[in-house]
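The values are calculated or read from the model by the stated rules, or taken from the named source; none is laboratory data. Small disclaimer: the values here were computed from a predicted structure and weren't measured. Positions of Cβ are backbone-derived with ideal geometry, glycine not excepted, and every protein chain shown enters the neighbour counts. Each accessible area value is taken on the protein alone, full model and side chains, heavy atoms only, with ligands, DNA and RNA left out. Shrake-Rupley method; radii C 1.70, N 1.55, O 1.52, S 1.80 Å.
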Amino acid sequence: MMEDCLLKKIEISVSEAEKRTGRNAMNMQETYTAYLVETRAVELQAEGHGSPPDSLWRRYSEFELLRNYLLVNYPHVIVPPLPEKRAEFVWHKLSADNMDPDFVERRRIGLENFLLRVASHPLLCQDRIFNAFLTQEGGWKEKVNETGFQLKSDSRIKALNATFRVKNPDKRFTELKHYSDELQSVISHLLRVRARVADRLYGVYKVHGNYGRVFSEWSAIEKEMGDGLQSAGHHMDVYAASIDDILEEEEHYADQLKEYLFYAEALRAVCRKHELLQYELETVAQDLTSKKQQCEELATGTVRTFSLKGMTSKLFGQETPEQREAKIKVLEEQIHEGEEQLRAKNLESRDFVKSAWADIERFKEQKNHDLKEALISYAVMQISMCKKGIQVWTNAKECFSKM
């Protein structure tokens, strides 16, 4: 399916973010961030045409609207998550303000990643609303709302009701839901640990700046040892200053983990939709069984279970044959409709399971690849950081040896 991928045809980027001020729906002044979405045809690039890309500005809320639309219209798809709206799992030096320039920059990268994920999905990339999001600045919101997707959205109460009342849940989706809970728990814990480590690491590096200051001050009162102490102090200062770039790189890997933290909720959304379909199927089947039993009781004149109808017959007498025939005819029509409805629900459920499981397998492959690459890169970064620390102290040792 990758030959149908939109990224084969166009390049997509979110190239910059801009702070703006305007009025919201309540006519109140607000400050927000707009993001520049750029697209360029791959063919033009390959042919050497240097024409400027098509571009338009989008707010975070418009990205949210797009994702909500995709969730409703593709319930069997694990829709890629958006980056966080407000900073989570931050360590003390990072700002939790959603207008902070560093946070806005990381969110810009996350929004670009979201668009690339959707554009590389074999089904989502073909959606006309998604394509309009990339190319049509004016009237896009109206086009989304015209689809009526909000009316098709399942209420949370309805979904919760299905979760507790479904009698025969699919074991595979139950296990997937448990897995998504565990994945979210593990990644949350990993991010909390990483934030604590970042705090301590920052302190350790900055303490080396104190070494540098002390060595520099010491060098001023020494004659023979002065040059060596001064050089050692310089190495310590450089080492202390390097922590800012290191932790900025670490935030990039933390954001990759956060993406899969939010993917856990996307997995649960698919599971909830299946539970709802299963509950509707069971309800239709139960209603059909009840109608068949009523029809049989009317035809034979026997009542299997206690019912208000049975008590009424005993108190006020039996129905006439004509009344019974009329009721049987109505029930037979309802049974026929119920059987058609049950067939349709069975078909809908089978199609959902088939499509959902294919997308789940695609997601698993993507997840395994992405997390493997992220963890390897993080390990390489840590090794490089340790080597730099060793090199600093090796240089300091040489400085001390020359004194």
Under a crude label model (7 Å from the Cα following the beta-carbon direction), how far is Ser377 from Glu248 in nanometres? 1.6
For the pairs Lys223/Lys387; Lys273/Lys364; Lys206/Lys397; Lys167/Lys345; Lys85/Lys388; Lys9/Lys372, flag any whose C-alpha to C-alpha distance is greater than 23 Å. Lys223/Lys387; Lys85/Lys388; Lys9/Lys372
Across every pair of different alpha-carbon atoms, what Kirkwood hydrodynamic radius in Å does the chain reach? 26.8
Hey, with R₀ at 30 Å, roughly what FRET efficiency would Thr33 and Glu175 work out to, going by the Cβ-Cβ distance, to 0.05? 0.15
Angle check, please: helix 171-219 long axis (alpha carbons) against the longest principal axis of the chain (alpha carbons), in degrees 0 to 90, nearest 10. 10
Return the distance in nm (one decimal) between the two label points of a simple spin-label model at Val193 and Glu18, each offset 7 Å from Cα along Cα→Cβ. 4.4
Using alpha carbons only, how many angstrom separate the centre of the range 172-229 from the centre of the range 325-390? 38
Measuring from label point to label point, each 7 Å out along Cα→Cβ, what is the Thr320 to Val207 span in nm? 10.0
Would you list, by chain and number, the lysines whose Cα falls below 19 Å from the Cα of Lys141, excluding same-chain residues fewer than 8 positions away? Lys152
Virtual paramagnetic centre 7 Å along Cα→Cβ of Asp227, amide N under 13 Å, in the range 364-403: 399-403
For the chain, the accessible surface attributable to carbon and sulfur atoms (probe 1.4 angstrom, ligands and nucleic acids excluded) amounts in percent to 54
With the other protein chains left in place, how much accessible area per residue, in square angstrom, belongs to the chain at a 1.4 angstrom probe? 59
Heavy atoms of Cys125 accessible to a 1.4 Å probe, total area in Å² rounded to 10: 0
Using a Förster distance of 22 Å, the FRET efficiency for Asn368-Asn98 (Cβ separation, nearest 0.05): 0.10
